[in-house]
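Undergrad: Here it is: the structure, laid out below.
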Amino acid sequence: MTPETAATCQRALGYLELGMSEDAWTEMSSLPADHDEHSPVRQLRVEILGRLGRWDDAAALCLPMLEKEPGEIFWWIQGAYAQRRAHSIEAADAILRGALAHHPPEGIVLYNLACYACVQGRLEEAKDFLNQTIHTDPEHVIAMALKDEDLIALRPWVLKREAELRASSFEYLPPKP
């Protein structure tokens with residue numbers, strides 16, 4: 001990446017931090033399209049497009065990268081998210097299942113698969129995915145799951161899991177204040 005490209009990306013990030021997504025996009029638009037060959041440039045474009053709600057465009061940038069850089073988890077997560085918003089939860093689910101083939105089970109992938117399964121009414125599968133995720137970072141995952149609208153159907157189960165973990169001899173979670 002050239003110093004000019006890096007400077008453009010820094011300015012765009014500054015705009016994003018200020019909530020000025022349109023200005024960030026304008027800044028990135030000054031770069032030639034071939035700069036998207038640099039993964040960080042493309043990732044920043046995807047971030048901006050997401051903030052602008054341009055999910056089809058974000059998906060169009062992400063999906064080719066699943067084959068080009070399958071080892072980069074960003075593409076799987078962002079590609080699935082963009083597909084969910086642009087097309088369907090089933091398309092997003094399929095992308096994340098593909099991620100499992102290229103990555104060891106990763107918390108963020110499993111968590112999102114739990115969300116997608118829950119929204120689609122596959123509650124037992126959602127519990128299985130969420131259980132795997134809970135073991136990676138119990139306190140954080142449970143806190144997220146209790147606030148996540150996608151997992152509302154599992155909220156009683158999540159509360160039960162939280163109580164079980166607190167009561168276990170392994171002391172996964174600190175006591176509530």
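The values are calculated or read from the model by the stated rules, or taken from the named source; none is laboratory data. Predicted, not measured: the structure shown is a model, and the values here were computed from it. Cβ: placed from backbone, ideal geometry, glycine included. Neighbour counts: every protein chain shown. Areas reflect the complete protein model, heavy atoms only, side chains present, ligands, DNA and RNA absent. Shrake-Rupley method; radii C 1.70, N 1.55, O 1.52, S 1.80 Å.
Undergrad: Got a number for carbon plus sulfur as a percent of the chain's accessible area, 1.4 Å probe?
TA: Carbon with sulfur: 55 percent of the solvent-accessible area.
Undergrad: Restricting to lysine pairs 8 or more places apart or on different chains, what number in the chain have Cα atoms under 27 Å apart? Could the numbers behind the result be given before it?
TA: Values: Lys127/Lys147; Lys127/Lys160; Lys127/Lys176; Lys147/Lys160; Lys147/Lys176; Lys160/Lys176.
Step by step, the pairs that qualify in the chain add up to 6.
Undergrad: Now for a separate question. Specify the angular offset, from 0 to 90 degrees and rounded to the nearest 10, of the alpha carbon long axis of helix 123-134 from the longest principal axis of the alpha carbons in the chain.
TA: 80 degrees
Undergrad: Using a basic spin-label model with each label point 7 Å from the Cα along Cα→Cβ, how many nm lie between Arg122 and His102?
TA: Those two pseudo-labels are separated by 2.0 nm.
Undergrad: Rg (Å, one decimal) plus Dmax (Å, integer) for the alpha carbons of region 45-177?
TA: 15.9, 49
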